Amino acid sequence: MSGQRVAVLGSGANGSSIGADLHAGGVDVTLIEQWPAHVEAIRQHGLSIRMPERELHVTPRVMHLCEVATLRHRFDIVLMLVKAYDSRWAAELIRPYLADDGLLAAVQNGMSTRDVAEIVGADRTMGTVIEISSTLYDPGIVDRHSGPDRSWFAVGGLPGSAARGREEQVAALLRHSGSVAIVEDIEATKWMKLVSNATVLVPTASLGLPMLDALGVPGMRELMLRSGQEALDVGAALGHPVLPIFGLRESDLATPETVVETLLDTLYDGFVRPGATTTVLQDWTKGRHSEVDDLNGTVAREGRRVGVPTPVNDAVVTIAHRIERGELSPDPANLGRILDAVTSSVASD
């Protein structure tokens, strides 16, 4: 670990939180970010991470995305925290600056590990699962709802790659920000996180409410569980085993019919704080495209490919696309629209 150079590529809310923890832990880390105002605020005033228990203020090295071309050294490990849909171009951007024996860890939602491997090679790719809740609205200031004691990661190399056996190098870094599990089947583990994401992120964002508030809307919990069950069923058809995440044990998921409910309750009980919103709702609030196509959209596409019906995920994606086109706003009324679309879909089959 001594003397290694680390970069955090994509230093938004979660990337800044991890980067701040690394800097505070004495790691030689460089933050790379595409929001100019955020970069300049960190340069001028430092980076503040506000958590329920404490506030962390650090002054890490930070670069604009356009400044990457000026680098004269390469990084030993890059933690990539861009949106899943930005994975390929971001991997291409950093590839010339990744050491020959370096590792690019895709610390993201969605099934982006093999996309990254196609760019930098499987031997330099580390799959990663992330569970952190944080928001970034004002440059240089992150509100992190789940501190290191309430954040979780999983790390694993792709089968047959030289990255297998090197997981500890990435895990040692991420332990500055939370607990870390090293897993044998990273793709199945990432699919389990996709099940959780399909249950929570876009459905609650569609209502325009914080996660806890959305769960309390009558009929919402049932819809969320149906969305997650579809994702679990598609994963089974793809050959992914049910694996524990969020610090659960295999025995916690031994009853097939309660797997999705256990994931949902574990997420809400252990990681979600009052007022916390999903990354999807944050994107929509900022007028940005969300990861819906990498989350519920992936469930729907893969479901069609393997012949597993996904009417709830189809409806969630349809409403989300209407929100992103400006035809709808995030609003509790969208729950009824999603349910109506599901009913129409089932009736037509």
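Where a number appears in this text, it was derived from the coordinates with a stated rule and is not lab data. Quantities reported herein were computed from a predicted structural model and do not represent experimental measurements. Glycine gets a Cβ as well: all are built from the backbone with ideal geometry, and neighbour counts include every protein chain shown.
Pop the C-beta distance of residue 252 and residue 221 into the FRET formula with R0 = 22 Å and round what comes out to the nearest 0.05. Intermediate values should be presented prior to the final figure.
On the way: r = 19 Å, r/R0 = 0.88.
The computed FRET efficiency comes out at 0.70.
Mind checking the full-extension length gain between residue 74 and residue 301? Use 0.36 nm per residue of separation minus the Cα-Cα distance, one decimal, nm.
Full-extension gain reported as 78.0 nm.
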* Structure fact -> Projected onto the charge dipole of the chain (unit charges on the beta-carbon of Lys, Arg, Asp and Glu, signs +1, +1, -1, -1), the Cα from 211, 240, 346 with the largest positive-side position is that of 211
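Using unit Cβ charges (K, R positive; D, E negative) and no other charged atoms, how large, in debye to the nearest 20, is the dipole of the chain about its Cα centre?
700 debye
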* Give me the distance between the Cα centres of segment 48-79 and segment 241-270, rounded to whole Å. => 33 Å
* To do: Answer with one residue from 281, 20, 311: the one whose Cα lies farthest towards the positive end of the charge dipole of the chain, charges on Cβ with Lys, Arg +1 and Asp, Glu -1.
  => 20
* For segment 182-231 and segment 324-349, write down the distance between their C-alpha centroids in whole Å. => 17 Å
* When you count, for each residue, the other Cβ atoms within 10 Å and take the mean per peptide, how do 40-47, 341-348, 12-19 rank with the highest first? -> 12-19, 40-47, 341-348
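Dipole size in debye (nearest 20) for segment 56-196 around its Cα centre, Lys and Arg Cβ +1, Asp and Glu Cβ -1? Please list the in-between numbers first.
On the way: 15 positive and 18 negative charges, 30 e Å.
So the dipole magnitude of segment 56-196 works out to roughly 140 debye.
Taking only DSSP H segments of four or more residues, each worth -39500 (n - 2.57), what value at 222 nm results for the chain once the sum is divided by all its residues, to the nearest 500 deg cm²/dmol? Intermediate values should be presented prior to the final figure.
Details: 13 runs with 149 residues, N = 349.
Helix contribution divided over all residues of the chain: -13000 deg cm²/dmol.
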* Calculate, in whole percent, how much of the Cα-Cα pair population of segment 291-349 lies beyond 18 Å. => 34 percent
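Rounded to the nearest 0.05, what FRET efficiency do residue 50 and residue 347 have when you use their Cβ-Cβ distance and R0 = 51 Å? Intermediate results must be reported in sequence, preceding the final value.
On the way: r = 48 Å, r/R0 = 0.95.
Efficiency for this residue pair is about 0.60.
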* Structure fact -> In units of 2.2 N^0.38 Å, the Cα radius of gyration of segment 5-184 is 0.94
* Roughly how many nanometres apart are two label points built 7 Å out from the Cα toward the Cβ at residue 175 and residue 149? -> 1.9 nm
